[in-house]
1. Just for segment 449-460: of the residues that are of a type outside the set (Lys, Arg) and surrounded by fewer than 19 Cβ atoms within 10 Å (Cβ to Cβ), which one is farthest from Ala489 (Cα to Cα)?
2. For segment 523-553, which positions are surrounded by fewer than 23 Cβ atoms within 10 Å (Cβ to Cβ) and more than 28 Å from Leu177 (Cα to Cα)?
3. Please find, within segment 266-307, the residue that is farthest from Phe207 (Cα to Cα) out of those that are of a type in the set (S, T, N, Q) and modelled with pLDDT of 95 or more.
4. Would you check which residues across segment 566-593 are farther than 19 Å from Gly626 by Cβ and either crowded, with 24+ Cβ neighbours inside 10 Å or touching a Gly at 6+ places or on another chain (Cβ under 6 Å) (or both) and list them?
5. Out of segment 305-354, which residues are part of a helix (DSSP H, G or I), of a type outside the set (D, E, K, R) and over 25 Å from Ala6 (Cα atoms)?
6. Contact list please: Cβ distance under 8 Å, first residue in segment 687-703 and closer than 11 Å to Thr186 by Cβ and surrounded by 21 or more Cβ atoms within 10 Å (Cβ to Cβ), second residue at pLDDT 95 or above and charged (D, E, K, R), pairs at least six apart or on different chains.
7. Which ones in segment 433-447 are surrounded by 21 or more Cβ atoms within 10 Å (Cβ to Cβ) and touching a helix residue (DSSP H, G or I) at 6+ places or on another chain (Cβ under 6 Å)?
8. If you take the residues in segment 469-501 that are touching a residue at least 60 places away in the same chain (Cβ under 8 Å) and part of a loop (DSSP other than H, G, I, E, B), which one is surrounded by the most Cβ atoms within 10 Å (Cβ to Cβ)?
Amino acid sequence: MTTPWADPACPRDDRVEALLAEMTLEEKLAQLGSAWPGVERVSGNVAPMQDVFARQTEFASASKNGLGHLTRPFGTRPVEPSEGARRLAAMQRELMDNTRLGIPAIAHEECLTGFTSYRATVFPTALAWAATFSPGLVERMAHAIGSSMRRVGVHQGLSPVLDVVRDYRWGRVEETLGEDPYLVATTGSAYVRGLESAGIIATLKHFAGYSASKGARNHAPVSMGPREFADVILPPFETAIRDGGARSVMNSYADVDGVPAGADPSLLTRLLREDWGFEGTVVSDYWSIAFLRTMHRIAATDGEAGARALEAGIDVELPDTLAYGEPLAELVRSGTVSEDLVDRAVRRVLRQKADLGLLDADFAPEVDTEEPIDFDPPSHRAIARELAEQSIVLLSNRDGLLPLASSTTSIALVGPCADDPNAFFGCYSFPNHVLPHHPGYDNGIETLSLLKAVTIELPATRITYEQGCPVKDIDRSGFDAAVEQARRADVCVAVVGDRAGLFGRGTSGEGCDAEDLSLPGVQDELVEALLATGTPVVLLVVSGRPYALGAYADRAAAVVQAFFPGEEGGTALAGMLSGRVTPSGKLPLQVPRNGGGQPSTYLHAPLGGNSEGVSNLDPTPAYPFGHGLSYTEFAYTGLSLSSSEIPTDGEVEISCLVRNTGDLPGAEVVQLYTADPVALLPRPILQLNGFARVYLAAGEEQRVTFRLHTDLLAYTGPDLRRIVEPGEITVMIGASSTDVRLRDTLRLTGALRTVGHRRVLHTATEID
């Protein structure tokens, strides 16, 4: 006879209550814990403090009372897809057959640049997704990622990262979607929809404030006022929950104004659940509960740390069970911690397991492995190529050197990123995240370096290559050979930037923070030496963060930015050089002018803008937010507002005509900005409130219409309420935050209005 909780015909909550009533305290706590089988055999950290906290525990012992989560069964070491599926199914079968209640675990994996597994497609990094300004394409990518994961029995993905960039020196900038909360919210929500549509639980990271650490140092404290926190940091998370349907949230390691996120009930319960209505699970970032004891020092024991986290609202401890096991059980038995708190979290976990089908009597973990499992099918590579092509940002193109003329007979390809396909991968790609700990394995996927891709793209052109210098090491021994090759060539393509890694093993990635924004190592010196040859230099930056390029803006023949464009990056960049690909990416953050100066993001109020005689430092960027050139030109005309005056709870249609005035087809990202010239508090000089990517044939014209609701103009006022106030708003449409082509004034009428959490979060667009 089927028990009530295993009957899918019963209402979900009834099933959960029936199962909860059957559980012992130990079985309940087991559902709040996790196990990471095999992590002790990894040589080198793939998570912070792994060497300190990882334990050698037999799976049977770790799961004797059941298990909430299985941690990274594919993403810990190289395993062939079919073999990985069989191993995961075997662990699930062991849980089902050898525990009293037989409840399977939720298996989670990283999936920021694709399924972080051997032989899986490596898509561009999140910063590259943002540069496309194409949420629909990002949604397609996420669905593809989720489909691969679900195919082999994975249920939850630890993505996307919704941290808004506040300082470009932070190592994890590559994982973000840039510095604008609207762009982050819109693109991040698209990723969530794609992943969730494939049946994978999306996990929003890192809630909240992680990216605003002091000095851009990983895990550093955050000093931020409540208005900035509410207006910049929180909107992407709220949007991804309400519009994206995210079912999980991961806490931040950081403390904000002295309060660690992992022990903050005002954040994890009152705001997240009571105000926003979130009904999913909150999972801890890896070992963040233990960090309440070891790093934040607000608990004396693991049990006390677990109690603080559980009370705040963390439901599941990842990646292993340190605090939510026996240490917490002792406090519950003694009456120090209420078992009601345990039950609250267990209900949330069991609801998700019911939704995933894991409680059903007929659930079987085995998957079909008779047919080969392809984690990198042609359809995924096609999406990766499209993303890579659309993410390339042409920053400058003096005298129209690009695309390279057919008369170009020789190219000197120089730089540490020119002949390394892994230079195109982010730190959470399997080749850069896991394979460095497993020498002897190839990447498991077909990848082309830029050198190989250009050689294929331009078979009639003589291509020479010199590394010049390493990415990171102080080594100038290759300068002379590189300079000689540049002198002999018609054009020199200098390929510089980053190598992604973890915890100091790279120049970009988790734990790879930068002291300043000069190119790593001696790469700036190499670029200067190449410029001095007199040969036209195309400066191609392949990186995970923006580096200071002000010194080259007027000296390089062209400057190109690529944010880790993934496995198809070489082919995409080669196509951009030849002209087969017309660049259309736009900057999701600014490119600074000088390495030592840390410009504010483009969202600064007037006080944070140009020095205007009050300082000797110029904070303006070399290239602004939203900037990106094309091989064709676009004209903007015909700005129209459906009304010049609307109430503070109204909506207005704002439209313009965009024409491709050049000779080539191309895509333009039409950007809608607004500004509040006089407000109760200082407001940003301008702020993105809508965008549309428009593909136009040569000579073609289309009308772009934005439906802007006044909720998008709200901000946190003097009394910390979100408000829309009456008065004049400047409406601007243009090609970047500094290239405004059209502007008008909109007047808001009526009373000052308080805006709640059911506000409009998105500006709808139409193209016709």
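The values are calculated or read from the model by the stated rules, or taken from the named source; none is laboratory data. Computed from a predicted structure; not experimentally measured. Cβ sites come from the backbone with ideal geometry, for glycine too, and all protein chains shown count toward neighbours.
1. In this case the residue turns out to be Ile456.
2. Glu525, Glu528, Ala529, Leu531, Ala532, Thr533, Gly534, Thr535, Pro536
3. Thr301
4. Scanning segment 566-593 gives Gly566, Glu567, Glu568, Gly569, Gly570, Thr571, Ala572, Leu573, Met576, Leu577, Val581.
5. Ala305, Gly306, Ala307, Ala309, Leu310, Ala312, Pro327, Leu328, Ala329, Leu331, Val332
6. Every condition considered, the pairs that remain are Leu688/Asp180.
7. Correct list: Thr447 only.
8. My answer is Asp498.
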